[in-house]
Amino acid sequence: MFVRSLSLGVAAAALMVGGAQAADLIIPTTPQPIYEAAGFDWSGLYAGVRAGGQWTGSNAYANSTLNTTYGVVGAAVGVNFIPVDPFLIGAEVTGDWLWANNTSSGEFFANLRAGAVVTDSVLVYALGGVGVNTNNNTTESVYQLGGGVEVAVTDAITVRGELVGQGDFSNAAGDQFFELAKATVGVFYHF
């Protein structure tokens with residue numbers, strides 16, 4: 001009888017130990033957090049190149065030829081800040097070389113930008129700036145106002161389309177506020 005009780009006790013103990021081990025096999029897990037990409041970071045330094053065209057009208061602009069289409073090749077360097085999401089402000093310096101009909105000129109602008117991040121990868125902005133145009137060894141002060149759309153294509157590269165109206169500070173009779181239009185497309189690297 002003692003042996004029978006002992007064997008029942010050992011069997012019961014073995015079942016309890018087995019049950020305890022089975023409970024240890026259930027490992028409680030917590031779901032892994034899902035991380036989404038934060039979107040394009042529009043703030044910080046950037047630099048890029050651009051190309052396009054400039055169209056003069058019938059009003060004189062900084063010694064440029066009237067009613068002429070100029071080719072434009074240039075570069076831009078700037079910095080953006082996002083003080084409050086989704087609003088962006090920035091400063092930019094541009095330099096362009098313009099050519100047409102055996103003549104060429106250079107333009108340099110200091111610009112301010114203000115815009116809104118419409119989606120994570122799209123920025124819409126307005127631009128205004130002052131600068132100089134050098135043509136035929138004559139330098140004249142000029143200004144520009146306009147805007148554009150910039151789209152992020154990777155986590156560091158954007159493509160931009162921009163349209164601005166330009167004028168000079170001449171006070172000649174019949175001088176128009178906008179004397180020409182410039183359209184450019186550019187590729188920019190954001191650091």
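A simple spin-label model places the labels of ILE157 and ALA75 1.8 nm from each other, with each point 7 Å out along Cα-to-Cβ. Loop-located chymotrypsin sites (Phe, Trp or Tyr not before Pro) in the stretch 142-180 (DSSP state other than H, G, I, E, B) with a sparse environment of at most 13 neighbouring Cβ atoms within 10 Å: PHE169, PHE177. PRE reach from SER104 (point 7 Å along Cα→Cβ): which of the stretch 123-152 fall under 18 Å by backbone N? Of the residues in the stretch 123-152, 133-139 have backbone N under 18 Å from the label point off SER104.
Note on VAL187 and ALA126: the extension gain reaches 20.2 nm, defined as 0.36 nm multiplied by sequence separation minus the Cα-Cα distance.
Read the figures in this text as sums done on the coordinates, not as results from a lab. Just so you know, these numbers come straight off a predicted model, no measurement behind them. Here Cβ is always computed from backbone atoms with ideal geometry, including for glycine, and neighbour counts include all displayed protein chains.
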